[in-house]
Amino acid sequence: MSGENRTDNQLSGLAFPVPENEMERLLALNELELDYADLDQSFAELTKLAAKIAGTSISMVNLIDTFTVWSVAPFGMEVSQTPREDSVCQYTIVDQSSAGMEVMDLSVDDRFKDRAYVTQAPYLKYYFGIPLNIGDNLPIGSLCVIHDDYKDVSVEKKEMLAIVAGEIVNRIKVWHAIHKLTNRIQECTTVKNNLAHDIRGPLGGIVGLAEIIQMQGSENNLEEVLSYISMIQKSGSSVLDLTDEILSSYKASNTPKDHEFTLATLEDRLEALFGPQAMYKGVRLLFKTTDQTAHRPFPKTNILQILGNLISNSIKFTPEGGQVQVLLDMELDDRQRILHLKVKDSGVGMSHEKIEQILKGNAASSGGTSGEKGYGFGLNLVHQLVAKLNGRMLLKSEPGQGVEFELILPVA
């Protein structure tokens with residue numbers, strides 16, 4: 001693969017920082033199953049408050065995954081995502097100091113002085129960021145305040161910003177707890193429906209048997225027996241009606257809930273999140289979703305995170321003018337839905353040795369076709385998340401002929 005044996009230092013001339021516990025950090029972020037766009041409303045007043053405290057023109061929450069910094073509820077600046085290697089916050093999550101990371105003048109700092117946001121509008125100068133630790137030394141991102149002129153933020157104000165950062169972490173934890181509870185409720189609903197399905201047959205047999213005994217029993221003058229059998233029949237019929245009601249209400253509900261996707265909503269979300277990356281690089285991002293199953297709901301469980309890493313990886317290794325295709329399909333049976341997902345690109349491809357590394361979960365970092373930095377964790381993370389879902393990942397590629405990732409994921 002192009003750049004396969006080059007390090008990040010060789011590619012850039014600078015050491016791009018990666019926390020020592022990067023895989024644990026990424027797993028913690030993915031466990032939260034955050035939909036970044038859904039968090040804007042929850043954090044909008046907090047980022048505004050942070051800017052007012054610091055007296056800066058800009059503030060935002062930045063969540064940092066394998067390739068991308070996702071900006072949530074940005075105040076004073078329109079931005080939704082930034083390549084990780086271009087960000088200031090990537091240094092904040094390495095520092096992890098409770099006091100935060102401060103850069104008084106970005107324009108004289110060798111790490112940032114050549115960045116477009118420093119040399120061009122909005123001509124940023126001052127930065128202060130506080131890591132958002134979701135657990136012990138597990139920073140999923142940062143709260144940052146930024147200004148286009150010099151600032152002197154007092155110790156007291158930095159302490160107040162740390163309180164705001166703590167509130168952001170608390171809200172993320174609450175959001176995740178509610179999400180988990182909703183999933184458990186959905187699991188209970190699934191169990192209930194399966195039970196209803198299972199008992200329907202036996203109950204139908206009891207009712208049918210009771211009818212036969214009732215017809216034959218009158219000849220034997222078994223009045224007392226018939227009385228009990230009549231009660232059994234009525235009771236069984238009531239339970240049968242109730243079971244039909246439960247099953248019909250379940251089958252009628254194809255509208256996804258907050259903790260669910262359909263293939264159609266998944267396509268919309270992926271296009272919104274990764275379309276800008278593809279457009280910026282000049283790569284076409286195409287989607288194809290099977291119509292027959294496009295509106296069947298399934299749990300969100302890490303699906304967005306898995307596909308997001310694969311799509312980002314394909315964009316990274318596809319040169320300008322190429323394309324990345326995402327194919328979304330689902331196999332249905334009575335008890336289970338099986339997702340069949342593919343990400344295909346027309347990029348540089350990879351060797352059989354590289355394929356073996358990825359399928360074993362120990363892929364090494366490499367540089368993209370436009371010099372994008374690799375951190376060596378994206379595909380390893382995908383490998384772990386797929387295994388957690390009891391799924392399979394298949395991989396086809398030849399050097400110079402692109403890559404095809406196929407995922408087979410059972411969902412409830």
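Here, each number is a calculation from the coordinates, and none is a lab measurement. Every value quoted in this text rests on a predicted model; they were computed, and no experiment measured them. Quick reminder, even Gly has a Cβ in these numbers, built from the backbone with ideal geometry, and neighbours come from all protein chains shown.
Simple spin-label estimate for Met279 and Gln120 gives 1.5 nm between the two label positions (7 Å along the Cα-to-Cβ direction from each Cα).
Roughly speaking, what is the stretch gain from Glu320 to Leu286, that is 0.36 nm per residue apart minus the C-alpha to C-alpha distance, in nm to one decimal?
10.8 nm
Model label sites at Glu271 and Asp333, defined 7 Å from Cα along the beta-carbon direction, differ in position by 3.3 nm.
Using the Cβ atoms and a cut-off under 12 Å, what net charge is assigned to the surroundings of Val108, where Lys and Arg are +1 and Asp and Glu are -1?
Details: positive: Arg111, Lys113, Lys125; negative: Asp105, Asp109, Asp110, Asp114.
In short, -1.
Roughly how many nanometres apart are two label points built 7 Å out from the Cα toward the Cβ at Met77 and His340? With each label point 7 Å from Cα toward Cβ, the separation is 4.5 nm.
Exceeding 29 Å between C-alpha atoms, which entries from my cross-link table qualify? They are Lys257/Lys342; Lys316/Lys396; Lys173/Lys281; Lys173/Lys388. Distance filter (> 29 Å) returns Lys173/Lys281.
Packing order of peptides 39-48, 138-147, highest average first: 138-147, 39-48 (average count of other Cβ atoms within 10 Å over each peptide's residues). When you restrict to C-alpha pairs under 8 Å that are six or more residues apart and normalise by the size of region 50-185, the relative contact order lands at 25 percent. Packing here is the average count of other Cβ atoms within 10 Å per residue, and on that basis the peptides 269-280, 51-62, highest first, run 51-62, 269-280.
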